[in-house]
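> Mind having a look at this structure? Questions to follow.
No value in this document is a laboratory result; all are computed from the given coordinates. It should be emphasised that the depicted structure is a prediction, and the values quoted were computed from it without experimental measurement. When we count neighbours, we look across all protein chains shown, and the Cβ atoms used for this are built from the backbone with ideal geometry, even at glycine.
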Amino acid sequence: MKYDPQKLEPMWQVYWEKEGLFKSAEDASKEKYYLLEMFPYPSGKIHIGHVRNYTIGDVVARYMRMRGKNVLHPMGWDAFGMPAENAAIENNTHPAKWTFDNITAMKKQLKRMGFSYDWDRELATCDPKYYRWEQLVFLKMYEKGLAYRKKTHVNWCESCQSVLANEQVEDGCCWRHTDKEVIIKEMDSWFLKITDYADDILEFCEKLPGWPDRVLTMQKNWIGKSHGALIRFPLDGSDEVIETFTTRQDTVYGATFLCFAPEHPLVKKIIKGLPQEKEVTNFVERILKIESFVRTADFTTKEGVFTGRYCINPVTEERIPIFVANFVLIEYGTGAIMAVPTHDQRDFEFAKKYGLKLRVVIQNPDGNLEKETMEEAYVGQGALVNSGPFNGQQNLAALESIAEYLESKGMGHKTENFRIRDWGISRQRYWGAPIPIVYCKKCGTMPVPEKDLPVVLPLDLDMRPNGGSPLPFEPSFYKTTCPVCKGEARRETDTMDTFVESSWYFDRYTCPDYEEGPLDPNRVDYWMPVDQYIGGIEHAILHLLYSRFYTRVLRDLGYLKVTEPFTKLLTQGMVCKETQECKTHGLLYPFEVKDGLCVHCHTPIKTGNIVKMSKSKRNVVDPQGLIDQYGADTLRMFCLFASPPDKDLEWNDQGVEWSSRFLTRLWRLVTDHLEGLKGTDLYKEQGGLPESLKSLHRKTHQTIKKVTGDIENRFHFNTAIAAIMELVNEVNHFLNSEVKKDQTAWSVVREAVEAGVVLLFPIVPHITEELWRMLGHKKSLVETPWPEYSGAALEEQKKLVVLQVNGKLRSKIEVPAFYGDAEIEAQALADERIQHFTKGKPIRKVIVVQKKLVNIVV
RNA sequence: GCGAGAGUGGCGGAAUUGGCAGACGCGCUGGACUUAGGAUCCAGUGGGGUAACCUGUGGGGGUUCGAGUCCCCCCUCUCGCACCA
């Protein structure tokens, strides 16, 4: 009988679906296990990254079912987003049609991979039944002040009629319109107040032991809490006061000038009518327009311009100049800094460039720091000098007292500052969830009444040929009436960032059909939190942080009881492959290369670096071709065996070949010996096995132990598979050996084979189901419990002990398992090879490691 | 510049807690079977050496009876970034 995955795999997929084996229902009597993989954007076809992500998840889901858990394993679609708009313009279709066609195609592919999803819970975020609840939550957040509107500066491309992210700006121009200079536009945008929860999110980083340290560190750094002081500098000749934030209030006596960020609202105000007005305005415009993207680049010269105004250093009462500087960021702190050139390198460089005053306020331990001879800022510790009442104190010790002093004099106060900024959610896009707000000329910004939700995104619109949202040009959408005065009003035409949808889809999976509100309390409380979340490392910050924020918001609105959405997190590495390039035809897809030559011009291609698979690099492999050729099981097996999930996976086509070969070997192991295997029952534990059988029996149980630990504790499927390969090899060896195959022998073989099949089921479910049937079982492996290993079977009568002399391996001995350290030591010293290496040298010390190793030091 | 990771045979990787470096697989070499082999099976395979043995986890130091693993310095690569005051 030949192994034919194309016939066998769809058959089992139909069987699982018909039997409803992956359906999940709330059951208080069973322990729940919510396993989630990050849902895909419906781009059209699944890619290898999806295959890897969802295979990892599927193994865990199937494993947990076999462990008796009530498993929820849902799948859905992150269906709003820009690619749909672009594709719609290119192909003259509608984003909705494009999206739903893609969903249909990708769903078929996922089913062909045999993933064990409960498709009854499928959701698409572009469905009004989904986003209506998001709109409701937005209104609740607006009510609580958690959603608010403010002006921001954004990169704007006139051609796209859209805001660009920094990474979409290349050399000051739009990435898609390289002749179009990007302008800085001031714009009203909606924000969610993630900063209100920053402290809590930060604190809980310590309470997520199931998350990779790496991700938590990144999140902590992103939130970036720092302790410092807010210090007020009165503007000379005015009532105005400039607020600055510093973490170094110990250096306040050394602040000899002050710098504004170019965007700071006070700048325009204080330069009005001064001779410097024009120069400053030009500088601000230049920095904003041309340099706003490179201000964050690796290497930027610090530069600025004098405003013509002065302020008063509140502690020295000195009049100090005010500058606008490119290195000060409006988003951080207060957008203005006190500059201490002697103790901050950037300030030092700036002061040197513009000939500004320096004052040393921290003396170094050598006591030889002088402003005249300094060549760089002194950022170390030391005693305060030139600091009035604080002279002589150690600078770090004075942080607290200076803050208190400032507060007592009304010049400032101790405070905390966060790096993280509020979450801007306004997008000038069509294919997104409308923000449920109307603007009334009389009443102002008005929330859409709850009873009028959802604000449905109209589907009968044509896309604008140059891109940009059609909504602001569609009166049937934006024309509306004020919910209060019934007068003329205009609807908000911005839509929400798609990260909003992905911040709570995991909650909605628990009750996708619920119509009374966003979440059914009974069901969401049963399933949440997600026990295991699996997805790409690229989401380490934004998506995961937003989800943690949104979960807290939903909790405080009373929709949820949990604080953290994901108990455990597995971040998988990227799938990488080398790029291939032809001199004339540029980057090539793998199918455009044959025998190292470009198929278009038959010239040799250049092989590039191994980088993340992406369409833009053309180094992609279409999984569909591999499924058609080898079947889903082979592909699943390769993704898992090639490397542990958290590491990058380097793709090679041969790998699929060898995993196919292993499955064929497994197939033949059962089919070639079916008669012997079916003629006996499983081996029942009893004494008196001959050593050859005993070691196979032991190997079976060692494998069960190893595979269970690898899956359960660390998701190392590659070593789990290696262990099963060893077991299969050992069975083959045994069957090829001279040992007589009596009834007992076959029962031990059957035990080994069945263990191999069951252990492999989560990894390659189709072939194992088939083999399981062949072995005479009636029930699906889905309903078969995970095997337990027997401690008795693992017991060995002899232990191998490694003998070292001075830490170098010199010999190995076998000792009875019951030997104690003293007996092992005696036998080690008596070993011939050990005597050879220790001959004539006094033994200084002997270290015995419990039944493992003896090290003799001479 | 800042932050986070990584570096082990010809290759992917293993070594879970400081205790046999290289499991498992690929590739390669030899053999068997075969009309044939890019199928299958068996054996071998870090490097050097006939051997005893020596040597070996990016480089250099250190801790330790013992280091791929811990500490310090350096090199290279990858990822993230908002000059973080």
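> Once you have a ≥ b ≥ c as the square roots of the Cα gyration tensor eigenvalues for the stretch A:481-544, tell me rounded if a/c is under 1.5, and otherwise prolate or oblate according to whether a/b is larger than b/c.
oblate
> Report the calculated FRET efficiency for A:Asp821 and A:Glu795 (r = Cβ-Cβ distance, R0 = 22 Å), to the nearest 0.05.
It comes to 0.65.
> At q = 0.21 Å⁻¹, what is the log10 ratio I(q)/I(0) for the stretch A:228-273, with the Debye formula run over Cα points and no solvent?
Debye intensities relative to I(0), on a log10 scale: -0.82.
> Binned at 10 Å from 0, what are the whole-percent values of the Cα-Cα distance distribution for the stretch A:400-442, short to long?
That works out to 19, 21, 19, 15, 22, 4, in percent per bin.
> Sticking with this one: Give me the one-decimal nm value for the distance between modelled label points at A:Gln394 and A:Val379, 7 Å along each residue's Cα-to-Cβ direction.
Each label point lies 7 Å from its Cα, and together they span 2.1 nm.
> In nm, to one decimal, how far is the A:Asn386 label point from the A:Gln6 one, both placed 7 Å along Cα→Cβ?
8.3 nm
> Another question, then. Where a ≥ b ≥ c are the square roots of the eigenvalues of the C-alpha gyration tensor, would you call the stretch A:444-528 rounded, which needs a/c under 1.5, or, failing that, prolate if a/b is larger than b/c, or oblate?
It is oblate, given that a/c is not under 1.5 and a/b is not larger than b/c.
> For every helix of n ≥ 4 consecutive DSSP H residues, a contribution of -39,500 (n - 2.57) applies; sum these over chain A, divide by its total residues, and give [θ] at 222 nm rounded to the nearest 500 deg cm²/dmol.
Estimated from H runs of four or more residues: -11000 deg cm²/dmol.
> Tell me the net charge near A:Glu407. Cut-off is 13 Å between Cβ atoms, A:Glu407 excluded, with +1 for each Lys or Arg and -1 for each Asp or Glu.
Combined, the nearby Lys, Arg, Asp and Glu give +1.
> With each pseudo-label sitting 7 Å past Cα toward Cβ, what's the A:Lys812-A:Val241 distance in nm, one decimal?
Result for the modelled spin labels: 7.8 nm.
> Mind ordering A:796-807, A:626-637, A:661-672, A:757-768 by average Cβ neighbours within 10 Å, highest first?
Working: A:796-807: 15.3, A:626-637: 22.7, A:661-672: 17.4, A:757-768: 25.2.
Averaged packing, sorted descending, gives the order A:757-768, A:626-637, A:661-672, A:796-807.
> Let me ask you something else. Show the residues, 5+ positions off or on another chain, whose built amide H is closer than 5 Å to the amide H of A:Gln804.
Under 5 Å from the amide H of A:Gln804 lie the amide H atoms of A:Arg810, A:Val854, A:Asn855, A:Ile856, each far enough along the sequence or on another chain.
> Next question, about the same structure. For chain A, take N as its residue count and report Rg(C-alpha) divided by 2.2 N^0.38 Å.
Numbers: Rg = 34.2 Å, N = 858, 2.2 N^0.38 = 28.7 Å.
Normalised by 2.2 N^0.38 Å, the Cα Rg of chain A equals 1.19.
> Could you list the square roots of 5 times each eigenvalue of the Cα gyration tensor of the stretch A:35-185, that is, the equivalent ellipsoid semi-axes, sorted largest first and rounded to whole Å?
Numbers: eigenvalues 250, 97, 48 Å².
Here the semi-axes work out to 35, 22, 16 Å.
> May I ask you to evaluate 6.51 cos²θ - 1.76 cosθ + 1.60, the Karplus curve with θ = phi - 60°, for each residue of the stretch A:838-853 and list the ³J(HN,Hα) values in order in whole Hz, giving x for glycine and proline?
10, 3, x, 10, x, 7, 8, 6, 10, 10, 10, 9, 1, 6, 9, 7
> What residues qualify as long-range amide H neighbours of A:Arg359, i.e. H under 5 Å apart, gap of 5 or more or another chain, H built at 1.01 Å from N?
A:Thr342
> So what's the gap between the Cα centers of the stretch A:496-573 and the stretch A:791-820, to the nearest angstrom?
The distance from the Cα centre of the stretch A:496-573 to that of the stretch A:791-820 comes to 51 Å.
> Further, regarding this structure: Figure the gain on full extension for A:Arg661 and A:Asp213 (residue separation times 0.36 nm, minus the Cα-Cα span) and round it to one decimal in nm.
Gain on extension, A:Arg661 to A:Asp213, equals 157.5 nm.
> Can I ask one more? What is the distance in Å between the Cα centroid of the stretch A:706-768 and that of the stretch A:219-258?
Cα centroid to Cα centroid, the span is 66 Å.
> Pulled fully out, how much extra length does the chain show between A:Ala28 and A:Lys97, if you take 0.36 nm times their separation in residues and subtract their Cα-Cα distance?
Between A:Ala28 and A:Lys97, full extension yields 20.8 nm more.
> Quick one: if you take sqrt(5λ) for each eigenvalue of the C-alpha gyration tensor of the stretch A:310-458, what semi-axes come out, biggest first, whole angstrom?
Semi-axes from the Cα gyration tensor: 48, 19, 15 Å.
> Moving to a separate point now. Rank by packing, highest mean first: peptides A:368-375, A:508-515, with packing defined as the count of other Cβ atoms within 10 Å averaged across residues.
Ranking the peptides A:368-375, A:508-515 by packing returns A:508-515, A:368-375.
> Which residues does the label zone of A:Leu21 cover in the stretch A:70-108, counting backbone N under 19 Å from a point 7 Å along Cα→Cβ?
Only A:70-75 fall inside the zone, counting backbone N under 19 Å.
> Using the Cβ atoms and a cut-off under 12 Å, what net charge is assigned to the surroundings of A:Leu266, where Lys and Arg are +1 and Asp and Glu are -1?
+1
> Reported to two decimal places, what Rg/Rh ratio describes the stretch A:380-419 when computed on Cα atoms with Rh from the Kirkwood expression?
1.03
> In the stretch A:1-104, what is the volume of the convex hull around the alpha carbon atoms, normalised per residue and reported in Å³?
Once divided by residue count, the hull of the stretch A:1-104 is 156 Å³.
> How would you rank A:Trp772, A:Trp222, A:Trp77, going from fewest to most other Cβ atoms within 10 Å of each one's own Cβ?
A:Trp222, A:Trp772, A:Trp77
> Of the cross-linked pairs A:Lys180/A:Lys302; A:Lys699/A:Lys808; A:Lys705/A:Lys779; A:Lys441/A:Lys479; A:Lys207/A:Lys705; A:Lys594/A:Lys647, which ones have a Cα-Cα span greater than 21 Å in the structure shown? Show your work: numbers first, answer last.
Working: A:Lys180/A:Lys302 27 Å; A:Lys699/A:Lys808 29 Å; A:Lys705/A:Lys779 24 Å; A:Lys441/A:Lys479 13 Å; A:Lys207/A:Lys705 30 Å; A:Lys594/A:Lys647 30 Å.
Beyond 21 Å: A:Lys180/A:Lys302; A:Lys699/A:Lys808; A:Lys705/A:Lys779; A:Lys207/A:Lys705; A:Lys594/A:Lys647.
> OK, next. For the stretch A:686-726, what is one quarter of the convex hull surface built on the Cα atoms, given in nm²? All intermediate terms of the calculation are to be shown ahead of the outcome.
Working: hull surface 12.4 nm².
So the Cα hull casts an average projection of 3.1 nm².
> Rounded if a/c is under 1.5, else prolate if a/b beats b/c, else oblate: with a ≥ b ≥ c from the C-alpha gyration tensor eigenvalues square-rooted, which is the stretch A:116-160?
Oblate, because a/c is 1.5 or more while a/b does not exceed b/c.
> Looking at the stretch A:525-642 from every direction and averaging, what is the projected area of its Cα convex hull in nm²?
Mean orientational projected area (the stretch A:525-642, Cα hull): 10.6 nm².
> Still on this structure: For a quick check: sort A:Arg491, A:Arg773 by the number of other beta carbons within 10 angstrom, fewest at the front.
On the way: A:Arg491 20, A:Arg773 14.
In increasing order of surrounding Cβ atoms, one gets A:Arg773, A:Arg491.
> Which net charge results for the neighbourhood of A:Tyr478, defined as the other residues with beta-carbon distances under 14 angstrom from its beta-carbon, given Lys and Arg at +1 and Asp and Glu at -1? Walk me through the numbers before you get to the answer.
Details: positive: A:Lys441, A:Lys479, A:Arg490, A:Arg491; negative: A:Glu474, A:Glu488, A:Glu492, A:Asp494.
Local charge sum for A:Tyr478: 0.
> Quick check on the exposure proxy: order A:His602, A:His413 from fewest to most C-beta atoms within 10 angstrom.
Details: A:His602 10, A:His413 14.
Ascending number of Cβ neighbours within 10 Å: A:His602, A:His413.
> For the stretch A:62-90 and the stretch A:21-39, what is the centre-to-centre distance using only Cα atoms, to the nearest Å?
Their Cα centres are 15 Å away from one another.
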